[in-house]
Amino acid sequence: MKNFTYYNPVKVAFGSDALKKMGELLPQDGTIMMTMGKGSIRKNGVYDKVKKALAGREVVEFEGIEPNPEYENCMNAVKLAKEKNVSFLLSVGGGSVLDATKFIAAALHFEGADPWDICEKGAPVTGATPIGCVLTLPATGSEVNGNSVISRRGKGQKLAFSSPLVMTQFSILDPATTLSLDARQTANGIVDAFVHVMEQYLTYDVNTPLQDRQAEAILSTLVELSPKVRATPNDVAVRGNVMWCASNALSNLINCGTVQDWSTHIIGHEITALHGLDHAQTLAIVLPAIMQHQRKQKGGKIVQYAKRVWAIDGADDDEIIDQCIAKTKAFFEETGCPTSLSAYNLTPDDCMKIPGILAGRGMIIGERADIGEKEVEAILRLCA
Ligand code: NZQ
Ligand code: ZN
């Protein structure tokens, strides 16, 4: 096991009474800025419930954060927050609203000329306005981690930053808020959480048997829950289990001391930046292609995953790996995320800017730093 420091100060309130706890979780004084998406919380009643819980507080609203949150829009929120002297940010919505809120929190304290440097140049986050969150879409794990992914469409960029300073002070997880998710967003959440686990697990063995089994437990639970949530989308208990899986998938616990490989996300973010596919839709396409391309390098872990999550057995590792990739693809497809570019009327040729973009950033990816420009191209060819 590699050396690690584990730190997760987020207070999670889970369950049907979680929203009622907000009053005691929020600071008593100051001005709260409520950040929101494009209307789902007004339709499903979450807005009204949150407003009720905020009664008597000084509140400013910032509405209209888009999926794959946009830098320019975040900067509008920064301007408003400065004008209104905001001292606390309350994100109400999915991962995009929360990621935007994290960027806003960091930008409010940024001392350089342009806070975009945090994403583009790795400028350090030196301070952040405190954040709370009411999560309505289980997928990203943003509610329990310090990550944020922001897009700048004018530059064709979608870039991540990470800092413990933007972890929420509290995250409210009431599964009932997720009952209004449609089939597409529900599927996206399951696939995103699944791939988060895979990126922290499917590398090579460094003697982390507990972390491996924690990862496999989340994968197996998602495999079990996916057909259940499709069959009974109004079952709040099933929704709650999906929600807790998604948080656990990216809370920095299962990756303690492990070797990680975020290649699927790195390539997937570029597909979103170029063609606008949903985040999870890109992951369902790229992960099986990476498993195929890296089948030798990742072979040991793929076989372990095949045996423990899919109960695939046999004498021949190559055959096990073939079956395992097929099972993984079938799982994504059944869940509701197609596994080929062609499903979106795209071809690998439509993505051929990506190898050069990543190379231009000096990115050589993969757990052994063996996926460069040529390999990214080959992986994208397998995504046809
Ligand atoms: O904007 P509104 O009207 O709220 O609608 C949203 C949006 O259209 C809707 N939605 C959210 N909760 C709902 C709901 N609709 C009905 N009922 C509800 N309860 O769902 C749509 C998608 O929302 P979004 O927040 O974009 O989805 P998600 O949570 O999947 O977040 C995706 C973003 O997170 C980034 C992705 O790249 C993408 O930008 N990621 C963030 C990570 C992190 N911070 O750790 C890690 C991930 O790998 C990921 O990269
Ligand atoms: Zn993701």
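The values are calculated or read from the model by the stated rules, or taken from the named source; none is laboratory data. Note that the coordinates shown come from a computational prediction; the quantities given were computed from them, not determined experimentally. Note: ideal-geometry Cβ built from the backbone for every residue, glycine included; neighbour counts use all protein chains shown.
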Residues located in segment 327-347, provided they are over 21 Å from Thr221 (Cβ atoms) and either in a helix (DSSP H, G or I) or at pLDDT below 95 (or both): Leu341, Ser342, Ala343, Tyr344
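Going by the structure shown, is Leu358 surrounded by 18 or more Cβ atoms within 10 Å (Cβ to Cβ), closer than 30 Å to Arg230 by Cα and of a type in the set (A, V, I, L, M, F, W, C)? Full working, then the answer.
Details: surrounded by 18 or more Cβ atoms within 10 Å (Cβ to Cβ): yes; closer than 30 Å to Arg230 by Cα: no; of a type in the set (A, V, I, L, M, F, W, C): yes.
Criteria not met by Leu358.
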Of the conditions (1) in contact (Cβ under 8 Å) with a residue 24 or more places away in the chain; (2) of a type in the set (S, T, N, Q); (3) closer than 30 Å to Thr208 by Cα, Thr5 fails just one. Which one is it? (1)
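Let's see how each residue does on (1) without any contact (Cβ under 8 Å) to a residue 24 or more places away in the chain; (2) under 26 Å from Val92 (Cβ atoms):
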{"position": "Ser171", "(1), (2)": "no, yes"}
{"position": "Asp174", "(1), (2)": "no, yes"}
{"position": "Thr177", "(1), (2)": "no, yes"}
{"position": "Asp192", "(1), (2)": "no, yes"}
{"position": "Tyr201", "(1), (2)": "no, no"}
{"position": "Ser226", "(1), (2)": "no, no"}
{"position": "Asp235", "(1), (2)": "yes, yes"}
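Looking at segment 34-41, can you tell me whether even one residue there is within 8 Å of ligand 1 (Cβ to nearest atom), assigned by TED's automatic domain parsing to the domain that holds Glu120, part of a helix (DSSP H, G or I) and not polar (S, T, N, Q)?
Here is the first cut: in segment 34-41, the ones within 8 Å of ligand 1 (Cβ to nearest atom) are 36-41.
This time we only want the ones that are assigned by TED's automatic domain parsing to the domain that holds Glu120, so: 36-41.
Filter again for part of a helix (DSSP H, G or I), leaving 40-41.
Now drop any that are not not polar (S, T, N, Q), which leaves 41.
Taking every residue of segment 34-41 in turn, at least one turns out to be within 8 Å of ligand 1 (Cβ to nearest atom), assigned by TED's automatic domain parsing to the domain that holds Glu120, part of a helix (DSSP H, G or I) and not polar (S, T, N, Q).
Of the residues Asp313, Asp322, which is of a type in the set (Asp, Glu) and either surrounded by fewer than 15 Cβ atoms within 10 Å (Cβ to Cβ) or touching a residue at least 60 places away in the same chain (Cβ under 8 Å) (or both)? Give the derivation first.
Numbers: Asp322 fails: either surrounded by fewer than 15 Cβ atoms within 10 Å (Cβ to Cβ) or touching a residue at least 60 places away in the same chain (Cβ under 8 Å) (or both).
Of Asp313, Asp322, the one residue that is of a type in the set (Asp, Glu) and either surrounded by fewer than 15 Cβ atoms within 10 Å (Cβ to Cβ) or touching a residue at least 60 places away in the same chain (Cβ under 8 Å) (or both) is Asp313.
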Please go through segment 137-196 and give me each residue that is hydroxyl-bearing (Ser, Thr, Tyr) and within 16 Å of ligand 2 (Cβ to nearest atom), ordered by number. Thr140, Ser142, Ser148, Ser151, Ser162, Thr186
Output the residue which, of all residues in segment 102-139 that are within 16 Å of Pro9 (Cα to Cα) and in contact (Cβ under 8 Å) with a residue 60 or more places away in the chain, is farthest from ligand 1 (Cβ to nearest atom). Pro130
For Asp322, are the conditions met, namely being within 16 Å of ligand 2 (Cβ to nearest atom) and either in the same structural domain as Gln157 (by TED's automatic domain parsing) or within 27 Å of Pro355 (Cβ to Cβ) (or both)? no
Does segment 200-213 hold any residues that are out of contact with any helix residue (DSSP H, G or I) (no Cβ under 6 Å at 6 or more places or on another chain) and within 16 Å of ligand 1 (Cβ to nearest atom), and which are they? Gln200
Within segment 185-199, track down each residue that is more than 9 Å from ligand 1 (Cβ to nearest atom) and of a type in the set (S, T, N, Q). Thr186
